[in-house]
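Derivation of every value follows stated rules applied to the coordinates shown; laboratory data play no part. Keep in mind it's a predicted model, so treat the numbers as computed, not measured. Note: ideal-geometry Cβ built from the backbone for every residue, glycine included; neighbour counts use all protein chains shown.
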Amino acid sequence: MNVAMLGEQYYQRVGEVASIVFEDREYYNTELRDSSGRLERALRGLGIGEGDVVAVTMSNCPQVFESFNAIFAMGGVALPILFVLTAPEMRFILEDSETVAVITDAIIAPKILEAVEGLERVRHVIVVGGEDGERTLSYERLLSENPAALDVVDRDGDEVAMLMYTSGTTGKPKGVMLTHENLITSAESAYRANEVKEPQIGLMCLPLAHIYGVGAMNAANFNEFPEGKAVMMRWYDPEECLRLIERHRVNFFPAVPTMYSLILNHPNVDKYDTSSLKDCIAGAAPLPLELRRAFMEKFGCTMRQLYGLTESTGMGACLRPSMEWRDGSTGKAYDNMELAIFDEEGNKLGPGEIGEVVIRGPQVMKGYLKRPEETAEALRDGWLHTGDIGYLDRDGYLYITDRKKDIIIKGGENIMPTQIEEVLYQHPAVAEAAVIGVPDPDYGEDIVACVALKPGVEATPEEILSFSAERLPSFKRPREVRIMQALPKSSIGKILKRELRTQL
């Protein structure tokens, strides 16, 4: 078993096809396969072997595909790192993971060289678009000097194929160990859940250093239509999304809610023909109902929601095209997965009862790298404890009400911020909303709402407070509304409540 075989099977199924469009150039699957083979041979020639960790950090480009595939094929461990991290943040990940080589690009290389200074284990920095130097090797030169044959070694399903570091909301980031079985089963589950009945022209603006982007990349290898392809963006830009949808007749679009909001509210949205758009998937953050309604109305497409986390290889629950929409639900469990709700004592709860969401299945991680205690805390009796709060209805639909750490306890009452955020999104001026708890001497915690307004639209905090007061019970009403130019976000566009707490 080796996740690199997915690309081989894709080639056998559809033959030589243009599988990626990047900056208006088509890349054929055979071209990507040959480059992966050349890179695999080059890595072996540098003394990198099975089980060695090789980091990949650059903006989206075909070379990311080639790098992952080469590392998987040779039995190494791929380590995606978001290129926007600081040098100290990268250094921690590289040292903790015991990385032996880094593949990057010419723009990020100076930061990488700063990050690896003094790390003797990191023996090679390979640079796409760079030259051989005292501390760097040219990616293109390495490929030119090696044969194209891709040699995929067999691996046990429970061998680690990828390390992904969590965002570290409660301390230092943790390395999530994902196996070949994790990646293969999650990719197939994701593709089957999309119920694909025609060629998908997918827009890939998700970063390939995030589990959502990696999952979409791997799932594309199950494509059964030669005409299907991915239109890849180097990084997210809302107007470029609109241009690419028009130019390439994109019909499938996985993204995060913030990305959809920026497109919907873009001043030039009406200048582009987006009539090809059919199926949009929102993940990585809660999808506000008002955003879904407005986006579907504007673009004449469907919008589905999914739920997952890095520790479950991005899997959890998904609303399939054939399933009925239920407000607030992320759908049902993926194939080969089980979802349940546990109380604080680890007892399984019934339909409608709120507790912690737990997941079981072949998509669940092997554990956290070098963190046995935290692994034991997260993986108990075969179940992954997610830290998310929610419930299942009688038909097995999952509803996420909040993150455990985001719940506001006001006067002894547990308040779910998402319920208040849904109301704020109904205000015609609000583009983004995040609700957090702040210390209060009387109640323990009280409620503050942070919002960003739509372009060209004005509203005062008092107007938004009045709007929410008409729609919320008194104990759930925000004490204060703060209007901000933009809410802090992660590199994938997820609103960072921890930064808002720090600011407030």
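Table for the structure above
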read-out	value
Only Lys, Arg (+1) and Asp, Glu (-1) charged, at Cβ; the chain dipole about Cα centre in debye	480
For segment 89-160 and segment 233-247, distance of Cα centres in Å	29
Glu373-Asp273 FRET efficiency (beta carbon distance; Förster radius 56 Å; 0.05 resolution)	0.55
Likely footprinting exposure, Glu290, Glu16, fewest C-beta neighbours within 10 Å first	Glu16, Glu290
Counted charge near Met232, where neighbours are those whose Cβ lies closer than 15 Å (Asp, Glu -1; Lys, Arg +1)	-3
Counted charge near Asn336, where neighbours are those whose Cβ lies closer than 11 Å (Asp, Glu -1; Lys, Arg +1)	-2
Chain lengthening between Leu349 and Glu145 when straightened (0.36 nm per residue, less Cα-Cα)	67.5 nm
Considering only the chain, percent of DSSP beta bridges that pair antiparallel, nearest 5	60
Computed [θ] at 222 nm, deg cm²/dmol, the chain (DSSP H ≥ 4; -39,500 (n - 2.57); rounded to nearest 500)	-8500 deg cm²/dmol
Net +/- balance of residues flanking Val256 in space, Cβ distance below 14 Å, scoring K and R +1, D and E -1	+3
Sparse-neighbourhood loop sites, GluC sites (Glu not before Pro) in segment 177-216 - DSSP loop, at most 16 other Cβ within 10 angstrom	Glu195
Pairwise centroid distance, computed over Cα atoms, of segment 464-492 with segment 13-80, Å	44
Distance violations [Cα-Cα > 31 Å] among Lys348/Lys497; Lys172/Lys229; Lys174/Lys197; Lys111/Lys298; Lys111/Lys370; Lys366/Lys405	Lys172/Lys229; Lys174/Lys197; Lys111/Lys298
Cα-based shape type of segment 409-503, given that a ≥ b ≥ c are square roots of the gyration tensor eigenvalues and the cut on a/c is 1.5	oblate
Ile71, Ile483 arranged by Cβ crowding within 10 Å, fewest neighbours leading	Ile483, Ile71
Distance from segment 188-207 to segment 277-306 (C-alpha centre basis), Å	15
Table column - 3J(HN,Hα) (Hz), segment 225-241, Karplus curve with 6.51, -1.76, 1.60, x for Gly and Pro	10, x, 7, x, 7, 10, 9, 9, 10, 4, 7, 6, 8, x, 6, 5, 4
